[in-house]
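The structure appears below as structure tokens.
The values are calculated or read from the model by the stated rules, or taken from the named source; none is laboratory data. Computed from a prediction, not measured in an experiment: that's the story for all the values here. Using ideal geometry, Cβ is built from the backbone for each residue, glycine included, and neighbour counts are taken over all protein chains shown.
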Amino acid sequence: MTTTPSDSPTGAARTPSRDRGDRWHLWHGLGEAVRKEVAAHCACWAKGMPLQEGKRAAATLERWQQVRELRARNVGLLECARRLNLSLNTVKRYDRASEPQRLQRVPKYRPTLAGPHRDYLRKRRAEEPGVPVQQLLREIRAFTIYFDGRIPTP
């Protein structure tokens, strides 16, 4: 869309390529705003989860308490990092967390070859818990064609 010179604040006509650049900036700004909002609320997703158990969870809880105690005594972030032998970014993360549950990471499920067949595999394991994995693999190969069009070979 081309505008007349009187529509433009500078009096110059706008060209379609300039409109595309404006559109890019609009989408880029929207994407950045969404990224910031998601980053601000990503801990909310883990909020409902109970604190995990184990050595790592115990160490996380202990470190969170240590950082909280030092910060309550007005110790700076860099000094906390030195005293606790942690990186500055780790201390900042512990300091930002209002409770130890917010330090837990929500599990990331990466795509796998078995991903599309997860429901089938769960159903088969429920029906026959002792079925060998190699048998399940043969069953999947019998009715699977991979994304590149090749039938998987054993």
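Scan region 15-53 for residues that are closer than 19 Å to Gln104 by Cα and either at pLDDT below 65 or in contact with a helix residue (DSSP H, G or I) (Cβ under 9 Å, 6 or more places away or on another chain) (or both) and report the count.
10
Please enumerate the residues belonging to region 61-85 that are within 28 Å of the chain's Cα centre (by Cα) and among the acidic types (Asp, Glu).
Answer for region 61-85, where residues must be within 28 Å of the chain's Cα centre (by Cα) and among the acidic types (Asp, Glu): just Glu62.
Which residues, counting only those in region 93-136, are surrounded by 11 or more Cβ atoms within 10 Å (Cβ to Cβ), among the basic types (Lys, Arg) and at pLDDT below 85?
Correct list: Arg102, Arg118.
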